[in-house]
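Undergrad: Attaching a single structure in C-alpha cells format; questions to follow.
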Amino acid sequence: MAVQIGAKPDSGFDDPLGMLKDCHRRIERFVSLLARVADQASGRPLTIDESRAVEAALRYFRESGPRHNSDEEQSLFPRLKDMPSVQAEIVRLAGEHQEADALHTEVADLFTAWLQGQTPSAEEARGLREMTHRLAELYREHILVEEDHVFPHAARSLDSATLAAIGREFQQRRA
C-alpha cells in the first residue's frame, strides 16, 4: 500500500482493535469502488482503470476479507461472548459476515466474467448494482455496531495481556 504523507500510519499487532478499524476503512473504500463501477459502467466493457480497480478490490476481499472475519470470529468475539452487553451484537455480526460472504461470491463471479470480456446483461447489471449497494449498506451498519459499541466495550473490558494475545493471533494469521 502506498505511503501518504501526513496520513496516520496503519495500526500494528500491538493495537488489534486499531487494526480492525484500519481494515474497516479499506472495506469501505473497496466496496464503494465496486458499487461505483457497477453503477457507472453498466452496459459496456470496463475501462483499463476500472478493470485494475475492480481487480484490486476483488483481491482484497478474497485475501484479506476472510482473515478479517477470522480475526473477529476466532480472536475477539470468543473473548466477549459471555459479556451480556455485547452478546446479541456478536451473534448478529457473525451472521452478517455470512451474508457478506455470500454476496461477495456472487459479486466476484459477475465482476470476474466482466473482467474476462463478458459484459453483464441488463438483468445481471441490475443484480450487480443491487448486491454492491447491499454490501455497502450491510458494511455501513456492521462497522457502526463494531466501532461504536463492540470495540469500545472490548477496549474497556479486556486487559492488556488479552489484547496482546489477540494481536499475536492476528500476526500468526498473517505469517
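The values are calculated or read from the model by the stated rules, or taken from the named source; none is laboratory data. All of these numbers come straight from a predicted model, not from anything done at the bench. In this analysis, Cβ positions are derived from the backbone assuming ideal geometry, glycine residues included, and neighbour counts consider all displayed protein chains. Keep in mind that these areas ignore ligands, DNA and RNA; they rest on the heavy atoms of the full protein, side chains included. Shrake-Rupley method; radii C 1.70, N 1.55, O 1.52, S 1.80 Å.
Undergrad: Do we find a residue being β-branched (Val, Ile, Thr), out of contact with any Cys (no Cβ under 6 Å at 6 or more places or on another chain) and open to solvent by less than 80 Å² (accessible area, probe 1.4 Å) anywhere in the stretch 91-104?
TA: Checked against the condition, which is being β-branched (Val, Ile, Thr), out of contact with any Cys (no Cβ under 6 Å at 6 or more places or on another chain) and open to solvent by less than 80 Å² (accessible area, probe 1.4 Å), the stretch 91-104 yields no hits at all.
Undergrad: Would you check if residue 136 is within 18 Å of residue 37 (Cα to Cα), surrounded by fewer than 18 Cβ atoms within 10 Å (Cβ to Cβ) and not hydroxyl-bearing (Ser, Thr, Tyr)?
TA: Against the criterion (within 18 Å of residue 37 (Cα to Cα), surrounded by fewer than 18 Cβ atoms within 10 Å (Cβ to Cβ) and not hydroxyl-bearing (Ser, Thr, Tyr)), residue 136 qualifies.
Undergrad: When you scan the stretch 118-175, how many residues do you find that are hydrophobic (A, V, I, L, M, F, W, C), touching a Pro at 6+ places or on another chain (Cβ under 7 Å) and within 20 Å of residue 26 (Cβ to Cβ)?
TA: 2
Undergrad: In the stretch 116-133, what residues are crowded, with 16+ Cβ neighbours inside 10 Å and either aliphatic (A, V, I, L, M) or in a loop (DSSP other than H, G, I, E, B) (or both)?
TA: 120, 125, 128, 131 - these are the residues of the stretch 116-133 that are crowded, with 16+ Cβ neighbours inside 10 Å and either aliphatic (A, V, I, L, M) or in a loop (DSSP other than H, G, I, E, B) (or both).
Undergrad: Of the residues 144, 128, 135, which single one is out of contact with any Gly (no Cβ under 8 Å at 6 or more places or on another chain), closer than 28 Å to residue 11 by Cα and touching a residue at least 40 places away in the same chain (Cβ under 8 Å)?
TA: When all the criteria are applied, what remains is 135.
Undergrad: Shifting gears a bit: Looking only at the stretch 136-175, count every residue that is aliphatic (A, V, I, L, M) and more than 15 Å from residue 93 (Cβ to Cβ) and tell me the total.
TA: 9
Undergrad: Return only the number of the condition from (1) more than 30 Å from residue 43 (Cα to Cα); (2) of a type in the set (Ser, Thr, Tyr); (3) open to solvent by 70 Å² or more (accessible area, probe 1.4 Å) that residue 75 does not satisfy.
TA: Every condition holds for residue 75 apart from (3).
Undergrad: Further question: Show the residue pairs that are 6+ apart or on different chains and have beta-carbon atoms under 9 Å apart, the first residue being within the stretch 78-89 and under 11 Å from residue 158 (Cβ atoms), the second being exposed (fewer than 14 other Cβ atoms within 10 Å of the Cβ) and of a type in the set (Ser, Thr, Tyr).
TA: Close Cβ pairs (under 9 Å, with a partner that is exposed (fewer than 14 other Cβ atoms within 10 Å of the Cβ) and of a type in the set (Ser, Thr, Tyr)) amount to 79/157; 80/157; 83/157.
Undergrad: Quick check: is even one residue across the stretch 105-114 assigned to a helix (DSSP H, G or I), buried (at least 17 other Cβ atoms within 10 Å of the Cβ) and free of Cβ contacts under 8 Å to residues at least 24 places away in the same chain?
TA: yes
Undergrad: Next question. Does residue 95 meet the test of being free of Cβ contacts under 8 Å to residues at least 12 places away in the same chain, within 18 Å of residue 137 (Cα to Cα) and in a helix (DSSP H, G or I)?
TA: yes
Undergrad: Can you report the number of residues in the stretch 109-128 which are small (Gly, Ala, Ser) and closer than 13 Å to residue 54 by Cα?
TA: The qualifying residues number 1.
Undergrad: With the requirement that a residue be open to solvent by 30 Å² or more (accessible area, probe 1.4 Å), out of contact with any Asp or Glu (no Cβ under 9 Å at 6 or more places or on another chain), modelled with pLDDT of 95 or more and of a type in the set (S, T, N, Q), what does the stretch 20-69 give you?
TA: 32, 47
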